[in-house]
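The structure under discussion appears below in the form of structure tokens.
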Amino acid sequence: MSEHHITIQGIILNEETRCSLADLCSLCGVNTEAIHEMIDEGLITPEGFSVQEWRFTAVAVKRVQKAVRLQRDLRINLPGCALALDLLDELEELRRLARHR
């Protein structure tokens, strides 16, 4: 009987984690043009003044990944993704506040 080993690799993202534009593209499976469009739409906001200095938070990574899934699975356009993600963030915040009451 042979044993099969599965290796899983990942990156741990926390509030202090910052990644470059290239890292964000790699983590989310998108090209730089898609990230620029998401920035223009207000879906994410980079830290830094120039493209070379841009850094993105773990929250931005999650938002891009969610937007990619919404576009792929539900065929939602980018403005719709931005609205949906804002509403999901609001819902999460309301649930958090309700738990602490």
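The values are calculated or read from the model by the stated rules, or taken from the named source; none is laboratory data. Predicted, not measured: the structure shown is a model, and the values here were computed from it. Here the Cβ is made from the backbone with ideal geometry for all residues, glycine too, and neighbour counts use every protein chain on show. All accessible areas refer to the heavy atoms of the entire protein, side chains included, with ligands and DNA or RNA removed. Shrake-Rupley method; radii C 1.70, N 1.55, O 1.52, S 1.80 Å.
Looking only at residues that are of a type in the set (Gly, Ala, Ser) and touching a Leu at 6+ places or on another chain (Cβ under 8 Å) in the stretch 71-101, which one is farthest from MET38 (Cα to Cα)? Lay out the reasoning, then the answer.
We begin by selecting, within the stretch 71-101, every residue of a type in the set (Gly, Ala, Ser); these are 80, 82, 84, 98.
Add one more test, that the residue is touching a Leu at 6+ places or on another chain (Cβ under 8 Å), and what stays is 80, 82, 84.
Working: GLY80: 11, ALA82: 8, ALA84: 13 Å.
Per the stated criteria, the residue is ALA84.
For a quick check of your reading of the model, give me the residue pairs whose first member lies in the stretch 50-69 and is closer than 17 Å to ALA82 by Cα and touching a residue at least 24 places away in the same chain (Cβ under 8 Å), whose second is surrounded by 15 or more Cβ atoms within 10 Å (Cβ to Cβ) and of a type in the set (Phe, Trp, Tyr), with beta-carbon atoms closer than 9 Å and at least 6 apart or on different chains.
Partner pairs satisfying both residue conditions: VAL64/PHE56.
Give the residues of the stretch 21-42 that are out of contact with any Cys (no Cβ under 7 Å at 6 or more places or on another chain) and not in a helix (DSSP H, G or I), sorted by residue number.
GLY29, VAL30, GLY42
Taking the conditions exactly as written (over 13 Å from GLY42 (Cβ atoms), among the acidic types (Asp, Glu) and assigned to a helix (DSSP H, G or I)), does GLU53 satisfy them or not? If you could, list the steps in order and put the result at the bottom.
Values: over 13 Å from GLY42 (Cβ atoms): yes; among the acidic types (Asp, Glu): yes; assigned to a helix (DSSP H, G or I): no.
Spelling it out, it is not the case that GLU53 is over 13 Å from GLY42 (Cβ atoms), among the acidic types (Asp, Glu) and assigned to a helix (DSSP H, G or I).
Can you find a residue in the stretch 49-67 that is open to solvent by 50 Å² or more (accessible area, probe 1.4 Å), in contact with a strand residue (DSSP E or B) (Cβ under 9 Å, 6 or more places away or on another chain) and within 17 Å of ARG18 (Cα to Cα)? Step through it out loud before you land on a result.
So in the stretch 49-67, the residues open to solvent by 50 Å² or more (accessible area, probe 1.4 Å) come out as 49, 51-53, 55, 59, 62, 65-66.
Adding the requirement that they be in contact with a strand residue (DSSP E or B) (Cβ under 9 Å, 6 or more places away or on another chain) leaves 53, 55.
Filter once more, keeping what is within 17 Å of ARG18 (Cα to Cα): 53, 55.
The answer is yes; a qualifying residue exists.
Among (1) under 22 Å from GLU15 (Cα atoms); (2) open to solvent by less than 90 Å² (accessible area, probe 1.4 Å); (3) part of a loop (DSSP other than H, G, I, E, B), there is one condition ILE76 misses while meeting the rest; what is its number?
(1)
Being closer than 17 Å to ALA82 by Cβ and either among the acidic types (Asp, Glu) or touching a helix residue (DSSP H, G or I) at 6+ places or on another chain (Cβ under 7 Å) (or both) is the filter here; which residues of the stretch 16-42 pass it? Don't jump to the end; show me each part of the working.
Applying the first criterion (closer than 17 Å to ALA82 by Cβ) to the stretch 16-42 yields 24, 28, 30, 33-42.
Correct list: LEU24, CYS28, VAL30, GLU33, ILE35, GLU37, MET38, ASP40, GLU41, GLY42.
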